[in-house]
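Enquirer: Below is the structure I would like to discuss, written out as structure tokens.
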Amino acid sequence: MSFSIPVFPGGVGALLRANAAARLREVLAGGTPTASPLWRAHATQVLQARDFAVVAGSPTEQWLNGRMKGLDIAAKIATVSAIDAGVQAVRSGTADVLFAERSALLDAAKRNASPGELVVLDRMFTNAPLALAFRRGDDDFRLLVDRTLSRLYSSGDIHGLYAKWFGEPDGNAMTFFRWNTLPD
């Protein structure tokens, strides 16, 4: 048996081309719609007939299929073999959006695109912190890891590490680090 310690904020995110339709980006970001007549397309209509990509067999694939069915959205969901393949599908225009673990999207966008070509939305569609797994019973090691992570979070050093691999941490990431800092 094992247990886990949350390390980074995690959850499903969305990656799309920077020049994607403004209304699509707005709907996916979950923000307040810009001023427009009320007769314009409802948010779910904006998602109809879109092409989404997701990694085959991933928890995100199950989540996306469930959300599309629950919202009665008839979008094409194409499975890809890996996140990099999904990034290429978005870059080439064969997919409008790639859904995957947000931290992995941030890294993939950084590695696979020209600056400003791709956007990872700030919105997280699910909450699933990334964690380290440990064997039960090694309380000394667990305490060492907890204290080390806590010092990293409270010192502010986490900012540079996070930025190196995932880009600048947003407010949600910084809140996660504050909440997971142990008192001295």
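Laboratory data are not the source of any read-out in this text; all were calculated from the coordinates shown. Keep in mind the model is a prediction, meaning the values are calculated, not measured. Every residue, glycine among them, receives a Cβ derived from its backbone with ideal geometry; neighbour counts consider all protein chains shown.
Enquirer: Please list, in order, the residues from the range 122-139 whose amide nitrogen is less than 19 Å from a point placed 7 Å along the Cα→Cβ vector of Glu168.
Expert: Output list for this probe position: 122-124.
Enquirer: Let me ask something else. Along Cα→Cβ, 7 Å out, is where each label goes; now give me the distance between the ones at Ser114 and Glu26 in nm to one decimal.
Expert: Roughly 2.7 nm, to one decimal.
Enquirer: A further question on this structure: Enumerate the aspartates and glutamates that Lys164 could reach by cross-link, defined here as Cα to Cα under 12 Å, with residues fewer than 8 away along the same chain left out.
Expert: Of all the aspartates and glutamates, those that pass the test against Lys164 - Cα under 12 Å, at least 8 places apart if same chain - are Asp107.
Enquirer: Moving on to the next point. Can you tell me the length gained on complete extension of the stretch Thr175 to Asp51, counting 0.36 nm per residue apart and subtracting the Cα distance?
Expert: Net length gain for the segment: 41.3 nm.
Enquirer: Continuing with this model, one more query. Per-residue counts of other Cβ atoms within 10 Å, averaged by peptide: what ranking do you get for 151-162, 134-145, highest first?
Expert: For the peptides 151-162, 134-145, the packing ranking is 151-162, 134-145.
Enquirer: I need the shape label for the range 57-143. Rule: rounded when a/c is under 1.5, else prolate if a/b > b/c, else oblate, with a, b, c from the alpha carbon gyration tensor.
Expert: Note, shape of the range 57-143 comes out oblate.
Enquirer: Would you please give the residues with an amide H less than 5 Å from that of Ala75, counting only those at least 5 places away or on a separate chain, with H modeled from the backbone geometry?
Expert: Result for Ala75 returns Ala49.
Enquirer: Given that just one value was derived from the coordinates, which of (i) 33, 18, 16; (ii) 34, 20, 12; (iii) 25, 22, 13 is semi-axes √(5λ) of the Cα gyration tensor in Å?
Expert: Computed from the coordinates, semi-axes √(5λ) of the Cα gyration tensor in Å corresponds to (i).
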